[in-house]
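Notes for the one structure printed next.
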């Protein structure tokens with residue numbers, strides 16, 4: 001008798017970089033379809049900013065390579081995404097060092113190993129708006145910026161730099177909260 005083998009599935013979120021900005025328009029249903037064709041299970045999206053939830057038995061490195069290749073081929077652009085498991089998303093949300101306030105946005109960055117140090121060095125060299133600050137907690141970079149200054153701030157301008165496009169993507173802390181609730 002043949003024994004059935006089932007790989008243990010882990011719940012992940014892929015945070016895509018550059019979705020629905022600068023001419024890279026994607027419908028999340030189509031993105032989910034690409035993930036399903038790549039063999040991912042229980043695929044869904046959170047918001048329209050490229051946060052794709054899925055389950056897989058593969059490791060994060062394999063997933064990143066496979067999904068970037070599939071997305072690049074399907075949409076005809078150079079795809080970059082950062083895969084985090086449920087525990088990592090939970091840690092990003094719960095380790096936020098900043099108190100929420102009505103006049104500020106809080107962002108966290110998902111990226112390659114060590115990118116938090118590059119971001120902090122860049123932040124420390126930048127001019128800051130009143131109340132703007134950054135911290136690293138558990139290898140995650142957090143940025144607090146006054147509302148309305150995100151893209152206009154000195155640090156905010158580096159977020160779109162081409163030489164960093166394969167290193168990180170950022171999300172408002174509220175997005176991490178919504179993602180965690182759906183995981």
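Each value in this text was obtained by applying a stated rule to the coordinates, not by laboratory testing. What you see is a predicted model, and the numbers here were worked out from it, not measured in a lab. So basically every Cβ, Gly included, is an ideal-geometry build from the backbone, and we count neighbours across all protein chains shown.
In this simple spin-label model, placing a label point 7 Å from the Cα along the Cα-to-Cβ direction at both residue 37 and residue 163 gives a separation of 3.5 nm. The shape of the stretch 89-182 comes out oblate: with a ≥ b ≥ c from the C-alpha gyration tensor, a/c is at least 1.5 while a/b does not beat b/c. Extension gain for the segment residue 49 to residue 177, taken as residue separation times 0.36 nm less the Cα-Cα distance, is 44.7 nm to one decimal.
Relative to the longest principal axis of the Cα atoms of the chain, the long axis of helix 60-75 lies at roughly 90 degrees. Once the Cα atoms are used to define both axes, helix 28-37 deviates from the longest principal axis of the chain by about 40 degrees. Please say if the stretch 4-104 is rounded, prolate or oblate, where rounded means a/c under 1.5 for a ≥ b ≥ c the square roots of the C-alpha gyration tensor eigenvalues, and otherwise the choice is prolate for a/b larger than b/c and oblate otherwise? It comes out oblate by the Cα gyration axes.
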